[in-house]
Structure formats: structure tokens, C-alpha cells
Amino acid sequence: MSFKVRSSKFRHVYGTALKREYCYDNIRVSKSSWDSTFCAVNPKFVACIVESAGGGAFIVLPLSKTGRLPADQPVVGGHKGPVLDISWCPHNDNVIASGSEDCVVKVWQIPDGGISRTLTESVVDLIYHQRRVGLVLWHPTARNILLSAGSDNQVVIWNVGVGEPLIHIDCHPDIVFSASWNFDGSQLLTTCKDKKLRLINPRSGEIEQEVICHEGSKASRGIFLKGGLIFTTGFSKLSERQYSLRSPEKLDDPIVMVELDTSNGVMFPLYDPDTSMIYLCGKGDSVIRYFEITAEHPFVHYINTFQTPDPQRGIGMMPKRGCDVSICEISKFYRLNNSGLCQAISMTVPRKSELFQEDLYPDTIGDIPAIDAEDWFNGQDAEPILISLKDYHQPTRLPTASEMKVAKKPNILDKPSANKTVKSSPNNTTSAAPPVAKPSFNQPQQSIPDDVVKEFKEEIRKLKAMIVKHENRIRALEARAAEDTTDTAKDGGDSLVLKNNDQNDVETKDNDTEHVDTNEDDD
């Protein structure tokens, strides 16, 4: 009997946990019971929600500064209640949004290198919700578009550039568990406590489709895949954990519905659109299961399971532009444990060649917005701008931010690569954002003070004098060595001068022994 093995580049993907010195330790992990990942990461920083007295806080750590954290580690602590969710802006690695039990969404600007003291001043406060905010999510292609959902059953889409809500969606009878944009941001997918999965037009707020997602009463989550399919996780009536794959044309008829186990932890699906791989990370689990989505039956192919000894409290997935292509790393996770350890886990494809593997790294989503907030609100859609990872090195592409006005305060959210201006609103209640200038490489550099120039000139003069002094000394030594060589040649071999200090006896033709002082001969 013949057995056909499925052909795949990712059949042998394996996970590796980095050593403890390359991880973060001594983190005061949040004790909140809210179903959130509690961790967010991008190519510059890792952020973790922590326990804080007198309000809510989270820490932001540069990827390069690993190890054990001090007890007085600076935090981002401007909320009056516990922080429930955080999300990095996909178009600016220095901007992060946070939602809290104080009903406020805050957007923060993190300086390069991290924060040196507790940060309490946010760039902008987004105030609309009447109850706690448990979900914040950035738009994948439009600049400054942020979604928030709260326990008041409301979903609000904000224009962070002007600090005001664009769209208010009021179609959920209960708490919204999760939300997901499709690949170009033209559709919105939500899961709710009423067990329903909803496909929504984000501009109008109209429900296009709604079906029962999972019949269990516990939290379910859903995400859009790149090709338009929908992947969900949830629970059955018997509290068995499930995952399903659905088509938007037939949401009520799942393509695949599989039961995993009987654990009670909510599963978070993390998706990589470049490799079509999904990683299932359950809250309280000590494993990470990963699958590959294909067009062949059974469509969701189990690959392997990464096992760790400690249960996980939260997890964050690195964007593809933050992965190390030199070791064929296709995904990277930062896993937060109850013990306070934030552990880095690398998913790698085994390859012998050290060259860039083009089949593993197709063009991926970059950090440049495709459209502006006003253009998206007016009905324009655009797919994400893709970049190649072959010649991409994140440390040399630090974003240069420009200023724009947000709620009468300076806001740094834009990047110079976006050349469009934000249009004013129809009712002229908000000020238009200033145009972003194109970067010019011929602009004059900033003048250097005269005292600095004089100091540099004095240092150069001293260096020149020192060089001349050493050259004169070298010439004198060379001339002296030449004279000694000439005197030795005139002796005609009558006496043999030994230059080594260890030899003191010289034998002559008449067998007379003459003691030669080598130090005097050298002089």
C-alpha cells in the first residue's frame, strides 16, 4: 500500500526558546481576568501589561535591553484603571494604543531607546465609551484609523489624527470579544458574547452577515485570512475547544470544524499571511500548536506543537519585518508567563544554505500606510504596501516622525513617506492636518557652533605635532642604525658582534677568549 506524504515547505518547522539572558525577567504580570494577550511586540519594542497600584500601567522595553528588570522599572501609567488591551501602530513603531477600565483609549508616543522615567502624558485621549474598553485594533492600511470596543457593546472607529470618532457601530447586543479587519481593511469581522459571528461594513455599520459561531458560552475569537476565508476559535456545548474555517459566502456552513481538547483557556489565533500558518495559543496552556492553511483537504493541516514547562499568561507575535531572515526565522513570539518571565520563541525552517530564501520570504506588509484616514472614510480601499525582506534591515530604517495637530496638542504619528494631506471634515469642526513634506536629501545641514570648530581644530593641530615628533624620532633611529651597520662591516670579520643579550662569549682564530660587553657594542 502506497502512502503519499503531503508536500510542504513548513512540515519541519520547529520552535526554539531563547536563553534566559536574552529574555525579560521580573515582570509584574497583570492579574486581570480579561481575555487579552497582555503582550504586544514590534521590531523595536515589546510591551506587557503589568500590575500597578493606583491605576493601570504597562511597560515598554527595547528589544536590545534584555535581562532582569529592576524593581523601579519605568512604566507607561496614565490610566486611572487597569489596562486591558494594548496594540502597536503598524505604520509607526513608536506609537502604541491602550484601552482601560477607566473607559478611555490613549495613544502614546514612545521615544527611541525606550522610556527612562514613568510616562503619564499621552499624545491624545479618545473619550466616548461609557464602560471599560477591552479591545483596541489599528487599521491595516489606512493611517491613523483605530478601532475600539467596550463593555457598553459599542464599537467606535477613530481618526487619531484629529482625535475624534469617525464611525459608531451599535449592532451588538452584548460584549464584543474580538474584531478583525480583512486584508485591505474594507470589511470588519466581530465575535460577540451572544455566540454570533458578524460580518460588518465598517463605514456604514450595517451587518452583512451573522451566524452562530460556536455554541459554547465562553469567549470565541475570529480572524480574516489573506484570501478572504475566516478562521475562528471557540467552545462547543460540552465546553470542548474548537476551531473552524469558513467561507464568507457560506458562514453558516463551516468548511472545517475540529474539536481539540477539553481545556477551559481561551485560544488566541495568530496568523502569518506570508506563510498561511496559524498558531493557536491558549490562555493557561504550556503549548503552541501551529497549522498550515491550504486549498487541499482537510484545508487546515496540523504541523507540530511547541511544548514549554510553564503555562502562558499572554503572548505577542512579531511582524514579519522583525524576523531574522539569516536563520530562516518565519515567526517570533514573546510569551509572558505567570512567573514574570517574558520568553522569546523563534519558529525556524531548517535550511542548510545561508543565502536569502526567497520561497520562505515573499514580499511582506511594510510600515508605510497605503491611504489616509479621510480617503478611507470616503470609500477608498487599498491593499497594504509590500516590501522585500532581502535588503531590509530594521536598525537602519528608523522612522522620522513629523508633527501634526491632535486635540490642540502636538502629535507625532506620521511618517515622511506619506505625501498626502488629511482633508478637513464636512462640518469644518476639526482642523486639517498640515501636509507632510517629502524628504529632501539636499537640505542644508545644521550649522556647528564656532567653539566646537575651534576645539576640533586644536585637537587636529596637536595630533599633527605629535605625528611630526614621532617621524623625526624614527628618522634619527634609522640613521643611527645605518651608522652601526657601516662600522661593523669595516671590521672585516675580526670580531663578531653578537646582538643577542643571551650570548657573551666570542671565539677568535687564536683560541683566545675575549669577553665582549654586548651593551657597549650596541651603543
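With 166, 188 as the choices, which residue is at pLDDT 95 or above, in contact with a Phe, Trp or Tyr (Cβ under 7 Å, 6 or more places away or on another chain) and over 14 Å from residue 213 (Cβ atoms)?
Numbers: 166 fails: at pLDDT 95 or above.
Just one listed residue meets the conditions, 188.
Can you give me the number of residues within segment 171-207 that are at positive phi and small (Gly, Ala, Ser)? If you could, list the steps in order and put the result at the bottom.
Of the residues in segment 171-207, the ones at positive phi are 185, 195, 205.
Going one step further and asking which of them are small (Gly, Ala, Ser), we end up with 185, 205.
Selection size over segment 171-207: 2.
Looking at segment 317-337, is at least one residue open to solvent by less than 30 Å² (accessible area, probe 1.4 Å), out of contact with any helix residue (DSSP H, G or I) (no Cβ under 8 Å at 6 or more places or on another chain), farther than 20 Å from residue 40 by Cα and of a type outside the set (A, V, I, L, M)?
Looking through segment 317-337, at least one residue is open to solvent by less than 30 Å² (accessible area, probe 1.4 Å), out of contact with any helix residue (DSSP H, G or I) (no Cβ under 8 Å at 6 or more places or on another chain), farther than 20 Å from residue 40 by Cα and of a type outside the set (A, V, I, L, M).
Of the conditions (1) surrounded by 14 or more Cβ atoms within 10 Å (Cβ to Cβ); (2) at pLDDT 90 or above; (3) in a loop (DSSP other than H, G, I, E, B), residue 12 clears all except one; give me its number.
Of the numbered conditions (1) surrounded by 14 or more Cβ atoms within 10 Å (Cβ to Cβ); (2) at pLDDT 90 or above; (3) in a loop (DSSP other than H, G, I, E, B), the odd one out for residue 12 is (1).
Each row is one residue, and each column tells you yes or no for (1) surrounded by fewer than 16 Cβ atoms within 10 Å (Cβ to Cβ); (2) part of a strand (DSSP E or B); (3) among the charged types (D, E, K, R).
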site: 269; (1), (2), (3): no, yes, no
site: 291; (1), (2), (3): no, yes, no
site: 296; (1), (2), (3): yes, no, yes
site: 302; (1), (2), (3): yes, yes, no
site: 305; (1), (2), (3): yes, yes, no
site: 310; (1), (2), (3): yes, no, yes
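Open to solvent by less than 30 Å² (accessible area, probe 1.4 Å), closer than 24 Å to residue 160 by Cβ and not in a strand (DSSP E or B) - does that describe any residue in segment 56-66? Working first, answer last.
In the first step, residues of segment 56-66 are kept if they are open to solvent by less than 30 Å² (accessible area, probe 1.4 Å); the result is 56-62.
Pick out the ones that are also closer than 24 Å to residue 160 by Cβ and you get 56-62.
Restricting the remaining residues to those that are not in a strand (DSSP E or B) gives none.
No - not one qualifying residue is present in segment 56-66.
Taking the residues in segment 42-51 that are in a loop (DSSP other than H, G, I, E, B) and within 18 Å of the chain's Cα centre (by Cα) as candidates, determine which candidate is nearest to residue 97 (Cα to Cα).
As a first pass, look at segment 42-51 and keep what is in a loop (DSSP other than H, G, I, E, B): 42-44, 51.
The next check asks that each one be within 18 Å of the chain's Cα centre (by Cα); those that pass are 42-44.
Details: 42: 13, 43: 16, 44: 15 Å.
Ranking the qualifying residues of segment 42-51, first place goes to 42.
For residue 280, indicate whether it is over 30 Å from residue 389 (Cβ atoms), touching a residue at least 40 places away in the same chain (Cβ under 8 Å) and not hydroxyl-bearing (Ser, Thr, Tyr). Step through it out loud before you land on a result.
Numbers: over 30 Å from residue 389 (Cβ atoms): no; touching a residue at least 40 places away in the same chain (Cβ under 8 Å): yes; not hydroxyl-bearing (Ser, Thr, Tyr): yes.
So residue 280 does not fit the description; no.
Quick check: anything in segment 23-32 part of a strand (DSSP E or B) and either of a type in the set (Phe, Trp, Tyr) or open to solvent by less than 10 Å² (accessible area, probe 1.4 Å) (or both)? Step through it out loud before you land on a result.
Initial filter on segment 23-32 (part of a strand (DSSP E or B)): 24-25, 29.
Add one more test, that the residue is either of a type in the set (Phe, Trp, Tyr) or open to solvent by less than 10 Å² (accessible area, probe 1.4 Å) (or both), and what stays is 24.
Looking through segment 23-32, at least one residue is part of a strand (DSSP E or B) and either of a type in the set (Phe, Trp, Tyr) or open to solvent by less than 10 Å² (accessible area, probe 1.4 Å) (or both).
Which residue out of 282, 265 is modelled with pLDDT under 95, crowded, with 20+ Cβ neighbours inside 10 Å and of a type outside the set (Phe, Trp, Tyr)? Before the answer, list the steps.
Numbers: 265 fails: crowded, with 20+ Cβ neighbours inside 10 Å.
Only one candidate qualifies: 282.
Within segment 203-222, does at least one residue satisfy the condition of being within 23 Å of residue 142 (Cβ to Cβ), among the β-branched types (Val, Ile, Thr) and under 31 Å from the mean Cα position of the chain (by Cα)?
no
Of all residues being without any contact (Cβ under 8 Å) to a residue 60 or more places away in the chain, of a type in the set (S, T, N, Q) and farther than 30 Å from residue 158 by Cα in segment 340-384, which is least open to solvent (accessible area, probe 1.4 Å)? Just the residue, please.
357
Among the residues of segment 10-55, how many are more than 15 Å from residue 68 (Cα to Cα) and of a type in the set (Lys, Arg)?
Qualifying residue count, segment 10-55: 3.
Take residues that are open to solvent by 10 Å² or more (accessible area, probe 1.4 Å) and over 20 Å from residue 205 (Cα atoms) and tell me which of the strands (runs of 3 or more DSSP E) falling wholly in segment 118-176 contain 3 or more. Steps first, answer last, please.
Numbers: elements: 124-127, 133-138, 145-150, 155-159, 164-169.
So the answer is none; nothing clears 3.
Inspect all residues belonging to segment 80-98 and state whether any of them is among the hydrophobic types (A, V, I, L, M, F, W, C) and in contact with a Gly (Cβ under 7 Å, 6 or more places away or on another chain).
Here is the first cut: in segment 80-98, the residues among the hydrophobic types (A, V, I, L, M, F, W, C) are 83-84, 86, 88-89, 95-97.
Those still in the list that are in contact with a Gly (Cβ under 7 Å, 6 or more places away or on another chain) too: 83-84.
So far as segment 80-98 goes, yes, one or more of its residues are among the hydrophobic types (A, V, I, L, M, F, W, C) and in contact with a Gly (Cβ under 7 Å, 6 or more places away or on another chain).
Which one of these is under 22 Å from the mean Cα position of the chain (by Cα), in contact (Cβ under 8 Å) with a residue 60 or more places away in the chain and open to solvent by 30 Å² or more (accessible area, probe 1.4 Å): 93, 112? Reasoning before the result, please.
Values: 93 fails: open to solvent by 30 Å² or more (accessible area, probe 1.4 Å).
So the residue among 93, 112 that is under 22 Å from the mean Cα position of the chain (by Cα), in contact (Cβ under 8 Å) with a residue 60 or more places away in the chain and open to solvent by 30 Å² or more (accessible area, probe 1.4 Å) is 112.
Please pick out the residue among 54, 81, 67 that is free of Cβ contacts under 8 Å to residues at least 24 places away in the same chain and over 16 Å from the mean Cα position of the chain (by Cα). Step through it out loud before you land on a result.
Values: 81 fails: free of Cβ contacts under 8 Å to residues at least 24 places away in the same chain; 67 fails: free of Cβ contacts under 8 Å to residues at least 24 places away in the same chain.
So the residue among 54, 81, 67 that is free of Cβ contacts under 8 Å to residues at least 24 places away in the same chain and over 16 Å from the mean Cα position of the chain (by Cα) is 54.
The values are calculated or read from the model by the stated rules, or taken from the named source; none is laboratory data. Predicted, not measured: the structure shown is a model, and the values here were computed from it. Don't worry about glycine lacking a Cβ; one is built from the backbone with ideal geometry, like all the others, and counts go over all protein chains shown. Surface accessibility is based on the protein's heavy atoms, side chains included, excluding ligands, DNA and RNA. Shrake-Rupley method; radii C 1.70, N 1.55, O 1.52, S 1.80 Å.
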